[in-house]
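Chemist: Before I ask anything, here is the structure I am working with.
Just so it is clear, none of the values below were taken in a lab; they were calculated from the coordinates. Since this is a predicted model, take the numbers as computed values, not measurements. Don't worry about glycine lacking a Cβ; one is built from the backbone with ideal geometry, like all the others, and counts go over all protein chains shown.
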Amino acid sequence: MEERLQKVLAQAGVASRRKCEEIITAGQVKVNGTVITELGTKVDPERDRIEVDGQPISFENKVYILLNKPKGVVTTAFDPQGRKTVIDLIDVQERIYPVGRLDLDTAGLLILTNDGTLANGLMHPSREIDKTYRAWVRGNVKSDSLKALTNGVELEDGLTAPAKVRLLEKGEDESLLEIIIHEGRNRQVRRMCEAVGHPVKSLMRTQLAFLKLGRMRYGEYRELTPPEVERLYAVAGIQK
């Protein structure tokens, strides 16, 4: 059965669907010895020989990892600057990659997998999957700031979607907020808090959809259970 080349590459664990498209257009993929750069190309994974950078792809066992990412670790499969990546923290044979991104100074829940179909579904903006953060911010957050964060904040790339925001703790010169968003803009929570005058001191993602960190320490990871994977497929709107 023929399928689009980028979908086949993603299912083989090469990278996310979007990244596979970049790999194809860059001329890194050959099908039966011919370089392919057209994204509409369809292939039969059972009959066609597909190579990426001269290496034939293989269909690995699907792996689903939940990681509590520490601060100072890069959310990428490879860092040209030589910094520690999330892949360095996980001991699996399969080639996995992160689903979405946490910035260098943000800790917390991150999914890694070689299931390109699921990764693509979870990252698609149309799914509006809730992501829960805990943010220690500077200053005592007042009701007007909470209301602004909840209703939407005007950033340089537009108004943010409504969020769910709770004040959990308040100290002399800092506050702990729980912020639930479904958008995935770059450094969004940090920029939202800064826009209302409360820059983030530390930030952690504690939940993605129904998945929670629980008692996992920084750097710890575990495999998702089959029922959890099934629920993620449902959350991503994908029929398995």
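Chemist: Can you list the GluC sites (Glu not before Pro) in region 118-156 that are in a DSSP coil and have 12 or fewer other beta carbons within 10 angstrom?
Modeler: Here the sparse-neighbourhood loop sites are GLU128, GLU156.
Chemist: What longest range of the chain stays clear of loop-exposed chymotrypsin sites (Phe, Trp or Tyr not before Pro) (DSSP non-H/G/I/E/B, at most 16 other C-beta within 10 angstrom)?
Modeler: The answer is 79-209.
Chemist: Next up: Subtracting the Cα-Cα distance from 0.36 nm times the residue separation, let me have the gained length for LEU155 to ARG217 in nm, one decimal.
Modeler: Contour length minus Cα-Cα distance gives 19.0 nm.
Chemist: Oh, and also: Under a Cβ-only charge scheme (Lys and Arg +1, Asp and Glu -1), can you give me the dipole magnitude of region 130-208 about the Cα centre, in debye to the nearest 20?
Modeler: I would put it at about 200 debye.
Chemist: Next up: Between ARG95 and LYS42, what length in nm is gained on full extension when 0.36 nm per residue of separation is reduced by their alpha carbon distance?
Modeler: Roughly 16.7 nm would be gained on extension.
Chemist: Equivalent-ellipsoid semi-axes (√(5λ), Cα gyration tensor) for the chain, whole Å, largest first?
Modeler: 37, 18, 17
Chemist: List, in order, the whole-Hz ³J(HN,Hα) value for each residue of region 78-84 obtained from phi through the Karplus relation with A = 6.51, B = -1.76, C = 1.60 and θ = phi - 60°; use x for Gly and Pro.
Modeler: Each residue of region 78-84 in turn: 8, 10, x, 8, x, 6, 5 Hz.
Chemist: What is the distance in Å between the Cα centres of region 189-215 and region 56-98?
Modeler: 22 Å
Chemist: First measure r as the distance between the Cβ atoms of GLU22 and GLU178, then evaluate 1/(1 + (r/R0)^6) with R0 = 35 Å and state the FRET efficiency to the nearest 0.05.
Modeler: The value I calculate is 0.50.
Chemist: Please tell me the relative contact order of region 3-56 in percent, rounded to the nearest whole number, where contacts are Cα pairs under 8 Å and at least six residues apart.
Modeler: Result for region 3-56 is 36 percent.
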